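The values are calculated or read from the model by the stated rules, or taken from the named source; none is laboratory data. Just so it is clear, the structure is predicted and the values come from calculations on it, not from any experiment. FYI the Cβ positions are ideal-geometry reconstructions off the backbone, even for glycines, and counts take in every protein chain you see.
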Amino acid sequence: RGAAEAPGMAKNTYMRWRLPLVCLLWEVAMIVLFGVFVRFGPEADAHWEEEKKEMNVTSDIENDFYFRYPSFQDVHVMIFVGFGFLMMFLKRYGFGAVGFNFLLAAFGIQWALLMQGWFHSFKTGKILIGVENLINADFCVGSVCVAFGAILGKTSPVQLLVMTLFQVTLFAVNEYILLNLLHVKDAGGSMTIHTFGAYFGLTVTRILYRPNLEQSKDKQGSVYHSDLFAMVGTLYLWMYWPSFNSAISEHGDAQHRAAINTYCSLAACVLTTMAFSSLLQKKGKLDMVHIQNATLAGGVAVGTSAEMMLTPYGSLIVGFICGIVSTVGYVYLTPVLESRLHIQDTCGIHNLHGMPGLIGGIVGAITAAVATEDVYGKEGFIKAFDFTGSYKTRTPSVQGGFQAAGIVVSLVMAFAGGALVGGILKLPIWGDPADETCFEDDIYWEVPEDEESDVYHMHSPGDKPASP
Amino acid sequence: RGAAEAPGMAKNTYMRWRLPLVCLLWEVAMIVLFGVFVRFGPEADAHWEEEKKEMNVTSDIENDFYFRYPSFQDVHVMIFVGFGFLMMFLKRYGFGAVGFNFLLAAFGIQWALLMQGWFHSFKTGKILIGVENLINADFCVGSVCVAFGAILGKTSPVQLLVMTLFQVTLFAVNEYILLNLLHVKDAGGSMTIHTFGAYFGLTVTRILYRPNLEQSKDKQGSVYHSDLFAMVGTLYLWMYWPSFNSAISEHGDAQHRAAINTYCSLAACVLTTMAFSSLLQKKGKLDMVHIQNATLAGGVAVGTSAEMMLTPYGSLIVGFICGIVSTVGYVYLTPVLESRLHIQDTCGIHNLHGMPGLIGGIVGAITAAVATEDVYGKEGFIKAFDFTGSYKTRTPSVQGGFQAAGIVVSLVMAFAGGALVGGILKLPIWGDPADETCFEDDIYWEVPEDEESDVYHMHSPGDKPASP
Amino acid sequence: RGAAEAPGMAKNTYMRWRLPLVCLLWEVAMIVLFGVFVRFGPEADAHWEEEKKEMNVTSDIENDFYFRYPSFQDVHVMIFVGFGFLMMFLKRYGFGAVGFNFLLAAFGIQWALLMQGWFHSFKTGKILIGVENLINADFCVGSVCVAFGAILGKTSPVQLLVMTLFQVTLFAVNEYILLNLLHVKDAGGSMTIHTFGAYFGLTVTRILYRPNLEQSKDKQGSVYHSDLFAMVGTLYLWMYWPSFNSAISEHGDAQHRAAINTYCSLAACVLTTMAFSSLLQKKGKLDMVHIQNATLAGGVAVGTSAEMMLTPYGSLIVGFICGIVSTVGYVYLTPVLESRLHIQDTCGIHNLHGMPGLIGGIVGAITAAVATEDVYGKEGFIKAFDFTGSYKTRTPSVQGGFQAAGIVVSLVMAFAGGALVGGILKLPIWGDPADETCFEDDIYWEVPEDEESDVYHMHSPGDKPASP
């Protein structure tokens, strides 16, 4: 950030040509690429009527749609309402939080369908999509929403679209390495979504460091109503997380188990979050920042292991620990990250996705390493870890080692990718806001006149009751 | 509106006898009619335990409940939260938006169960209902919610109930003509719900034209928080629209396909809406009105074709176009409709449901007309268009023609019905608000004292920080 | 409440050690008890892969997960968003409403899994859990949320946790008596959840009577936006109630039927609520308190009978009556309960859960008593009331008698339990707020600065348009 950016100098945040150009060109590219590559998968294609007879499928209910669509819709709500509203806590950035999240996610899911499709659903020259692809696209975008949390309020919509383009690409590569090359299990994405997303976002925000950000300090807080809106996001993330962690697990017991483990972990996490929120505050009062965020850490932290035989009490233990780690992180770590490491993390994603994501990867590695045929049953054991084909001879402890390797790969990809993308976003062409106009909707949005004017004040101030 | 309505003269908006009378009498009528006509369908009746054995149904999971209930609940959320909150954008009409929507929808679904039941589920003197009937009743009410958007803030609850009674009736007739007589496909209701609902509502609001409506101009805008509430509605409509368009499609691949097509169309629509919202505004800023509404046009516009082999890229194209058409409509068309045609369209339903609904009808006609056995498979082709019985010999191009006829019929029904109902609503007995009290909850609701008084202002104004 | 509590004297509401201690100790206890007792049920265990072959289950879709998970998620939303937001109507208690509800529910579901598990899912020394247990745990906590409504704003979070511990325990005992000993049907919990929860909560608030509560009268009302947030809760409860009442019904027609009956009852209830809300107010205006609450009474009142052959018109009648009873209760009964019986019922749970719960129990008893093989079919009759084993010879009229006994038992348990727990909560060690700081988030929460300061008032007041 050169001489041109003397403090207080207005930046060019004019979006009129830049944003439409990027949106339209990229959407045209999507149409062309979808036209060339994307077709319906067999269970969504009208030919299924014939195919199901050939495949001896006796009932329409066997269509994958009925196994996964309810979970898909829950995940969909988490991405658009969950993340969008959770980030609404800032007093004057509600439009940006929910609107830009909407924009980047709507673009991201299209690009993710392509990227993940090329890696995982590419058959005879076409990407064949079904409901599982939609879930995976939402998942991929989830990692972008995580990263968005770190740079919330400090970037233009064009920057966010650029970041989405690159992050989705890197996500798909990382996911391919983990799931296909390392043969790692990560159904709820502790590693691929949360660890990768968080450290990617933190690296980006480090590179976009704004030394004079205190100029907009007055806008970084919440107000009463914005905190209530944020709780909408929190609760939908919390309630639907069991669907998130079970959405792409194997049919049957694995989905069932993943939901139960996540339910338990999240419940425990609420208790320890409340405990430490009160404990770490001199007056013993609860802090909405913790309740809005740390209560969710338990869902992140069983993202890898939820579909395994973690057991309900194992889940409670993980949730117990993560509520503490996350809350402590908000109180002690976030300020240090900013002052020492120059990492300005608007939403505290390091506490909600970073550390819990790492814990989730480790818990997954351990849970895999200690798996036995006794606990899973002979067939269940093979099915749970997909120890078939060339992985027929892999042992649990080796699987645990590969799981651990998955964490490392995700971190490396996040740091390297984040550095690259951060560098690109630093170019002075994307229309990011000046330091003093960060966290302010007014830069990119038509904001209606203030509430107080006309309507509310019509009656005032004469008829105010004399308050005690 | 005669001499009695000199500007500024207070109208009689007293609801105390009118509203209770209508609610109670009509609800009693519902009870009587339900008592005479409505019974459980076979899959909801306790006899199913025996019947399923006779019908050789091997598992309870084959009950239609499990195919459709998750989609039903999503549709239900769209009608009550989606429409209710979307219309909350007005600064002082939140109670009316969500409350009157609640009222008319709760009455409408009952009347729709009867009307649609007589046309479609009438067997041996009884209407036999199941989960599909509940979805269809919600759909029918959806068209009333659409029309409500045009007259939002300008009508009394009694007027809304009267409109609901008539519109549900006309909807059922129109639906019967399209689905049964013309044998048209319209699972997501581009024609029956959106085209019909929008042009019906626009005709009604034309007839209820208020030349002096600028007297309440100051209340026609939004405030910051009301825009955030409206985004709750927008997002739930957007997220659950795949469920809407697939809810009553055939079991299996058709439901699966409809969800995917809608997902794609909506994603593309967001990008072009954002692009044109910025492009058409001098300062290049995004306008919440567009984001709240035009992003949904893609769902409307694949309402007919989503269950067909539209393909994902076809859906992207439709969404791409509709985001543009709808946003352009808000900027250029809505003001013209009001100034030239005297159509005062509070929510801009012409842009969100009218034009996209027409596009949806056309896209459906084209998609049907170009269908081939090659694309659908021999059996899938017959199943998709139900070319059985007396329609065994109908060709795709003929089907396309009938689809197009369905658009025309829906338009004619909307204009004629809207004119009739508008005339009825113009009678000076329903307690509608005066021009200067439109868009104001205070007329029909007990509104709590203003926020500023007592609590918030306790600390003020001495301790305000000196803002820069 | 002794001499120490002279009016105006500050109480010790310091939570720093009390709340963390309770949260952490109890959560550790949960972990230990889960470790000893809780394991995955057969359909969530990895052994299912083998077991399903032994049990001749042909498809993964037969897993109970797919029958119940969508309903579970709806119920989950009702508990956390439904109740949490419904109670947000108070102008300055939004954090407490949603946050404390979150806390007590998160603890309660864990304790309920254990308590209900010991009574209902205890096999060879272990509690085996599946999705049905999760639903039942949510149900149990639902009764605590009901009771919370009576004491909202007047209790500390520690008191709420203590109440939850006891109420969940008593709920499980009462439920065991009803379902197992009396062999009563109550799938939607008119008796076990609503009657028990309401009268338990009313007894507790009676014992915690605060004669000087008018000191915080100014905070007991709502403001415009808090009423809109509350409508989020109302609508989610209203929309998902069909899932609530059908969630644990038998697979197939019973679930299907329960959803339809509840849908009908709720629709009718909205109409009569609106009618009486207008009728009972001098100016004929609608009151948000009624719309937010009484519209839900129809769901409560078919909680027992929804899965029976109540029939759609029967449901309409029940909803019709309950909308009236509940609204009349808000207008006439609540003030009398406070002035005469010293029952301070913040949310009016007597009108929403108490009376409708009783009606629900009675309607259930009657519906059971008049059941015939003709109406249910021979097999359906046996299945609906589980007239097997030692209940093989029970007749419908006897069943009706036992159903009625279930109401009485629930009431007795509620009064006795409420008296006990109220006495415990009255101990001066739990940190409850003083009379003048009730209904005020500031006591237990870090509350952000007021909205008016800095941001909103930046532009004001010079540029206010001259309002007419």
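Assorted remarks:
- Test result for C:LEU337, under 22 Å from the mean Cα position of the chain (by Cα) and not aromatic (Phe, Trp, Tyr): yes
- Among the numbered conditions (1) part of a helix (DSSP H, G or I); (2) surrounded by fewer than 23 Cβ atoms within 10 Å (Cβ to Cβ), the only one that A:ASN136 does not meet is (2).
- Filtered residue count, region A:99-127, keeping only those that are under 24 Å from B:LEU286 (Cβ atoms) and either in contact (Cβ under 8 Å) with a residue 60 or more places away in the chain or of a type outside the set (Gly, Ala, Ser) (or both): 12
- In region C:144-261, counting only helices (runs of 4 or more DSSP H) that sit wholly within it, the ones holding 3 or more residues that are within 14 Å of chain B (Cβ to nearest Cβ) span C:224-246.
- Condition check for B:LEU113: more than 7 Å from chain C (Cβ to nearest Cβ), modelled with pLDDT of 95 or more and surrounded by fewer than 22 Cβ atoms within 10 Å (Cβ to Cβ): no
- Among (1) modelled with pLDDT of 90 or more; (2) part of a helix (DSSP H, G or I); (3) over 26 Å from C:ASP287 (Cα atoms); (4) more than 8 Å from chain C (Cβ to nearest Cβ), the one test that B:ALA4 misses: (1)
- Enumeration of residues in region A:388-410 that are within 14 Å of another protein chain (Cβ to nearest Cβ) and at pLDDT 95 or above: A:PRO396
Residues checked against (1) touching a Pro at 6+ places or on another chain (Cβ under 9 Å); (2) assigned to a helix (DSSP H, G or I); (3) of a type in the set (Phe, Trp, Tyr):
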residue: A:GLU338; (1), (2), (3): no, yes, no
residue: A:ILE343; (1), (2), (3): no, no, no
residue: A:ILE362; (1), (2), (3): no, yes, no
residue: A:ALA371; (1), (2), (3): yes, no, no
residue: A:ILE407; (1), (2), (3): no, yes, no
residue: A:VAL412; (1), (2), (3): no, yes, no
residue: A:ALA419; (1), (2), (3): no, yes, no
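- Residue match in region A:280-290 (condition: more than 19 Å from A:GLY142 (Cβ to Cβ) and touching a residue at least 60 places away in the same chain (Cβ under 8 Å)): yes
- B:VAL22 being buried (at least 20 other Cβ atoms within 10 Å of the Cβ), of a type in the set (Val, Ile, Thr) and at the interface with chain C (Cβ under 7 Å from one of its Cβ atoms): no
- Filter result for A:GLY221 (within 28 Å of A:GLY361 (Cα to Cα) and of a type in the set (Gly, Ala, Ser)): no
Listed here are the residues, each with its yes/no results for (1) of a type in the set (Ser, Thr, Tyr); (2) under 19 Å from A:HIS47 (Cβ atoms).
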site: B:ASP287; (1), (2): no, no
site: B:GLY303; (1), (2): no, no
site: B:GLU307; (1), (2): no, yes
site: B:THR311; (1), (2): yes, yes
site: B:ILE324; (1), (2): no, no
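- Filtering region C:150-186 to residues that are within 14 Å of the chain's Cα centre (by Cα) and within 29 Å of C:ILE366 (Cα to Cα) leaves C:GLN167, C:VAL168, C:PHE171.
- C:GLY117 satisfies every condition listed in (1) touching a strand residue (DSSP E or B) at 6+ places or on another chain (Cβ under 6 Å); (2) more than 21 Å from C:ILE177 (Cβ to Cβ) except (2).
- Pair list, Cβ < 6 Å and 6+ apart or interchain, from region C:406-419 residues that are under 17 Å from C:VAL146 (Cβ atoms) to residues that are crowded, with 24+ Cβ neighbours inside 10 Å and among the aromatic types (Phe, Trp, Tyr): C:SER410/C:PHE196; C:LEU411/C:TYR199; C:ALA414/C:PHE196; C:ALA414/C:TYR199; C:ALA414/C:PHE200; C:GLY417/C:PHE200; C:GLY418/C:PHE200
- The condition (being more than 30 Å from A:ARG210 (Cβ to Cβ), in a helix (DSSP H, G or I) and of a type in the set (Val, Ile, Thr)) is satisfied by just one residue among A:ILE382, A:ILE424: A:ILE382.
- Every residue from region B:305-323 that is outside any loop (DSSP other than H, G, I, E, B) and over 19 Å from the mean Cα position of the chain (by Cα): B:PRO312, B:TYR313, B:GLY314, B:SER315, B:LEU316, B:ILE317, B:VAL318, B:PHE320, B:ILE321
- Only one of the listed residues (A:VAL141, A:VAL131) is touching a Leu at 6+ places or on another chain (Cβ under 8 Å) and either within 23 Å of A:GLY422 (Cα to Cα) or crowded, with 23+ Cβ neighbours inside 10 Å (or both). That residue is A:VAL141.
- Residue that is surrounded by the most Cβ atoms within 10 Å (Cβ to Cβ), among those in region A:385-413 that are in contact with a Gly (Cβ under 8 Å, 6 or more places away or on another chain) and aliphatic (A, V, I, L, M): A:ILE407
- Test result for C:ARG210, in contact with a Cys (Cβ under 9 Å, 6 or more places away or on another chain) and under 23 Å from C:THR164 (Cα atoms): yes
- Restricting attention to region B:79-107, the residues that are in a helix (DSSP H, G or I), in contact with an Asp or Glu (Cβ under 8 Å, 6 or more places away or on another chain) and more than 9 Å from chain C (Cβ to nearest Cβ) total 2.
- Scan region C:331-371 for residues that are surrounded by fewer than 24 Cβ atoms within 10 Å (Cβ to Cβ) and within 14 Å of chain B (Cβ to nearest Cβ) and the total you get is 3.
- Complete set of residues in region B:281-294 that are more than 7 Å from chain A (Cβ to nearest Cβ) and surrounded by 22 or more Cβ atoms within 10 Å (Cβ to Cβ): B:VAL289, B:HIS290, B:GLN292, B:ASN293, B:ALA294
- Matching residues in region C:31-65 - criterion: being assigned to a helix (DSSP H, G or I) and within 7 Å of chain A (Cβ to nearest Cβ): C:ILE31, C:PHE34, C:GLY35, C:TRP48, C:GLU49, C:GLU50, C:ASP60, C:ILE61, C:PHE65
- Test: residue in region B:73-96 that is within 28 Å of C:CYS322 (Cα to Cα) and in contact with a strand residue (DSSP E or B) (Cβ under 8 Å, 6 or more places away or on another chain): yes
- Complete set of residues in region B:358-415 that are of a type in the set (Ser, Thr, Tyr) and within 30 Å of B:ILE343 (Cβ to Cβ): B:SER410
- Qualifying residue in region C:298-309 (condition: at the interface with chain B (Cβ under 7 Å from one of its Cβ atoms) and either of a type in the set (A, V, I, L, M) or within 26 Å of B:LEU161 (Cα to Cα) (or both)): yes
- Of all residue pairs spaced 6 or more apart or on separate chains, those with beta-carbon atoms under 8 Å, a first member in region B:438-449 that is touching a residue at least 12 places away in the same chain (Cβ under 8 Å) and a second member that is crowded, with 22+ Cβ neighbours inside 10 Å and part of a strand (DSSP E or B) are B:PHE439/B:LEU90; B:TYR444/C:LEU286; B:TRP445/C:LEU286.
- Test: residue in region A:50-67 that is closer than 24 Å to A:TRP241 by Cα and out of contact with any Asp or Glu (no Cβ under 7 Å at 6 or more places or on another chain): yes
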